[in-house]
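Beneath this line is the structure, given in structure tokens, with notes to follow.
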Amino acid sequence: MKGLSMLILALALGAGLVGILESKATDVFLEATRPDFEKIPIGVLGFQNGGGPEWLGGRVEEVLKADLRRSLVFTLVDLPSLGIKVRDVGNAEKAIFKQATDNGVAVLVWGRAGLKENGKEADVVVDGYVYDGGSDEIVGGKRYVGSTSVVRLMAHRFADELVYRYTGEPGIARTKIAFVSEVGGARELFVMDYDGYEPRQITADGFLNLMPRWSPDRRFLVFTAYRSRNTQDIDLIELATGKRWTLVSLGGLNITPALSPDGNYLAFTTSQDGNAEIYRLDTRTKALQRLTVNPAADLSPSWSPSGREIAFTSDRGGGPQIYLMSADGSNVRRLTFEGDYNAAPAWSPRGNWIAHVCRTPRKEYKLCLISPDGQKRVQITTGPGVDDSPSWSPDGRHLVFSSTADGKSHLYMINADGKDLERLTYGGTHYSSPAWSPAL
Amino acid sequence: MKARSFTACLVVMLGVMMVTGAGCSKKSVQAGSGSKSSEERLAKSRSGSVTPGESLNEGSLGMSGGAGDIGQGAGASSSFPDLTVSGRGTDAASAGSEGGGLRGLEPVGPGKGATEERVGGGTLMAKVQPSDSASRQIEEMRREQAAAAAAGLRDVFFAFDSWTITEEGRMALAHDAEWIKANPGSLIKIEGHCDERGTLAYNLVLGEKRAKAVRNYLVELGVSANRLAVVSYGKERPFCREQTESCYQQNRRGHLVLRTK
């Protein structure tokens, strides 16, 4: 009811409502789309060679530009098309600033990248500078130093600094994506940068590890591990050390683990009662509480950002549909009614959408978004292939998911509005179960 | 992932542990050193994870890998690290110590550059220890499959989205039940499999429904339930990998294997 009254309020305020109305009680955040919202036009002048391999500056520029584009905070302006010289800009000049601002560019970025001797191995040094058209001055800069293996990370940090300066948000350029990939017939856990680079293998068990999810502090993953092929556990792995713990080892299925936003609870699915039911484990007291009681299958819990509610899949109405309940298992209500197959819910970090897999009338498995009050629903992917396991970026602007659209199962990123589909994985035979990390 | 970086990553993975200096510190951790004890722990827990009935560490109360999946749930682990946000702390200081905290743009001018910010490897990640687990699992699977084939055990196939045993399935299981009853020492594992359509999670549930339907029918035919274990592999271990109906049909299956010691 509170959600409904909020909606009425929003309607009363009209379409011009700007900003975010937040209702802590119900997790419904009404975010009006600002019709006047404009991304900040930004231009990258380039990174001069500061003494080192030729590719260095180009790599920094390429990564930075991709990050700025994906931030959805900035619009990249094509400076050469405005007649602005972008190469070998050592110390950017007043004339260039004026030329850019006259053409509507609000922010200019440039720098230098090179090597510096540091004992036996040379360090990469990247300097970045920022000019702000509004104040007509160079508002600041950064100097990053590190090994050649962290050049991409330097560019990611600089991108996040820019997003932070202009929005106060931490940015997503340094976030990670955990996923499952095939290694010698087995399925193992990996973690990569959010843009698909720098994958690291996390497990080497030789059978099936599935459905990784992050701890709120990004130090751990929880996941389903098949012990000796015959039984499932929910395990915890510490990324820094590789150390593992078994959190849950009940009879039957032990799947779809999800830590609450405060880390106090692990919600998961087990079939120890004969059919799949959702439980929660208190990570402090280790007390186990059953949340669903139903002869049908209940699975795939996804926490609301406040931790007060849980979205989940249940086939109590026949086919699988998305339901909501309070975090103690009370107040269960059905959310989806359109279509005969809705599953794998993922509650957005802003609270305003629940992404899920929806089966279309043509029997295609695509991604849909539905608002927690059920009033708004939109399908954001189309075409052939099975889409699965949507997971939100911490800024709530993107989703990562798996799809067989290109034949084999690969990972893709897409904006919440269905635009800018980007494939993240290439080669290999199978990628699935992506989970986007929290922001730093 | 991009092919080139994937290859590079493999090389790194096999080689050195990721060097990860804290973002705000000039000190960086040298590869390999200082993390030996944790790697030893890692290797130890991994070898534990491939032995039936052995728990991953002292803290876990795992159930044994014996036949029958429905036994008493052994419950949750009694000890693991604090996962709460308050317990761990996510303030700027702790985020910075992981190399994560942003420090803002610094004023720069003629002759005055920004202070050096040392960039480490981001989130710390240990290298993976290739274990003997993989080859052992493959060997065990081969023996299970060979034993089932030698026994002539037949599989059961299902319709789309269904876990109902068909007439054909009942005939296969009647044959299987006779064999199991005639071989009193045998232990059977029933694997539930699904085609690739639908979600990973819901297919794990569907696979379990299929495996249990097979088990229940065998019990109806007089096979003792404690000789039958069920496990669901969902769509994670397909028999056939093409996106065709004949391939999907192959993957919607209750697969019987003979458990070998």
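The values are calculated or read from the model by the stated rules, or taken from the named source; none is laboratory data. A quick note: this is a predicted structure, and the numbers were derived from the prediction, not measured. In this analysis, Cβ positions are derived from the backbone assuming ideal geometry, glycine residues included, and neighbour counts consider all displayed protein chains.
Per the listing A:A113, A:A173, the residue uniquely part of a loop (DSSP other than H, G, I, E, B), touching a residue at least 60 places away in the same chain (Cβ under 8 Å) and at negative phi is A:A173. Here is a check on your reading of the model: is A:R227 more than 7 Å from chain B (Cβ to nearest Cβ), more than 21 Å from the chain's Cα centre (by Cα) and not acidic (D, E)? Answer is no for this residue. Only strands (runs of 3 or more DSSP E) whose full extent lies in the stretch A:22-77 are considered here, and the ones with at least 1 residues that are at pLDDT 60 or above and touching a Leu at 6+ places or on another chain (Cβ under 6 Å) are A:40-49, A:74-76. Is the stretch A:181-195 home to any residue that is within 20 Å of the chain's Cα centre (by Cα) and facing chain B (nearest Cβ under 7 Å)? Within the stretch A:181-195, one or more residues are within 20 Å of the chain's Cα centre (by Cα) and facing chain B (nearest Cβ under 7 Å). I'm trying to understand the selection: among the residues of the stretch A:236-269, which are more than 7 Å from chain B (Cβ to nearest Cβ) and under 26 Å from B:I190 (Cβ atoms)? A:N254, A:P257, A:F268, A:T269, listed by residue number. Is there a residue in the stretch B:87-110 that is at pLDDT 85 or above and assigned to a helix (DSSP H, G or I)? Within the stretch B:87-110 (the criterion being at pLDDT 85 or above and assigned to a helix (DSSP H, G or I)), the answer is no, since none of the residues qualifies. The set of residues in the stretch A:116-159 that are outside any strand (DSSP E or B), touching a residue at least 60 places away in the same chain (Cβ under 8 Å) and in contact with a Lys or Arg (Cβ under 8 Å, 6 or more places away or on another chain) comprises A:A122, A:V151, A:R152, A:A155, A:H156, A:F158.
In the set A:G185, A:G206, which member is crowded, with 24+ Cβ neighbours inside 10 Å, touching a helix residue (DSSP H, G or I) at 6+ places or on another chain (Cβ under 9 Å) and on the phi > 0 side of the Ramachandran plot? Step by step, each of A:G185, A:G206 is checked, and only A:G206 is crowded, with 24+ Cβ neighbours inside 10 Å, touching a helix residue (DSSP H, G or I) at 6+ places or on another chain (Cβ under 9 Å) and on the phi > 0 side of the Ramachandran plot. Restricting attention to the stretch A:271-290, the residues being in contact with an Asp or Glu (Cβ under 7 Å, 6 or more places away or on another chain) and at the interface with another protein chain (Cβ under 7 Å from one of its Cβ atoms) number 2. Does the stretch A:164-173 include one or more residues that are more than 7 Å from chain B (Cβ to nearest Cβ) and within 21 Å of B:V128 (Cα to Cα)? For the stretch A:164-173, residues more than 7 Å from chain B (Cβ to nearest Cβ) and within 21 Å of B:V128 (Cα to Cα): absent.
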